[in-house]
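The values are calculated or read from the model by the stated rules, or taken from the named source; none is laboratory data. Because the structure is a prediction, the values reported are computed rather than measured. With ideal geometry, Cβ positions are generated from the backbone for all residues, glycine too; neighbour counts draw on all protein chains shown. These accessible areas exclude ligands, DNA and RNA; they are computed on the full protein's heavy atoms, side chains included. Shrake-Rupley method; radii C 1.70, N 1.55, O 1.52, S 1.80 Å.
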Amino acid sequence: MKEEMAQVDIIRNGIIDKLLTISDKEYLMALLRLVNNSAVPNEKIKLTKEQKLMLEMSETDIQQGRMISQSDLDKNDLEWLKGSSLDRNRCKTTS
C-alpha cells in the first residue's frame, strides 16, 4: 500500500511540476474545468512529512518577506534559459 501511495505522490508531483510551467490562461481554465468535472471522492489527503516541511518552509519564506513577483520570476527564468543555451553552445564548439 505504501508503494502505491509513493507512486501516486510521484505522479501528482509530476503533474504539479508541469502545471507550474503553463502560463496560457485558456489552457489552464480548460484543465480546471476538467478537474472540477471529474468524479473524485472527497477524501482527506494525507501529506507526507516532506510535503509538510515544504509548506512550513514556504510559510517561513512568506513571513520573512522572501518572495518574488511572477514577472521577476519570469525574467529570471529567461535569463537562466539564455545562460543554459549559451553553455550548451559552448560545449558543442569546444568538443
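Numbers below:
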{"quantity": "Cα-based Kirkwood hydrodynamic radius, the chain, one decimal, Å", "calculated": "17.4 Å"}
{"quantity": "Mean-position separation - Cα centroids, segment 48-70 and segment 23-46, in angstrom", "calculated": "23 Å"}
{"quantity": "Cross-link partners of K25 among aspartates and glutamates (Cα-Cα below 18 Å; sequence separation of 8 or more within a chain)", "calculated": "D17, D74"}
{"quantity": "Environment charge of Y27, counting only residues whose C-beta is closer than 15 Å and scoring Lys/Arg +1, Asp/Glu -1", "calculated": "+1"}
{"quantity": "Degrees, to the nearest 10: 2-19 long Cα axis against longest axis of the chain", "calculated": "50 degrees"}
{"quantity": "Solvent-accessible area, 1.4 Å probe, carbon plus sulfur percent, for the chain", "calculated": "60 percent"}
{"quantity": "Extension reserve of the Q64-A30 stretch, reckoned as 0.36 nm per residue once the Cα distance is removed", "calculated": "8.7 nm"}
{"quantity": "Theoretical FRET efficiency, 1/(1+(r/R0)^6), r = Cβ-Cβ of E3 and E56, R0 30 Å, to 0.05", "calculated": "0.70"}
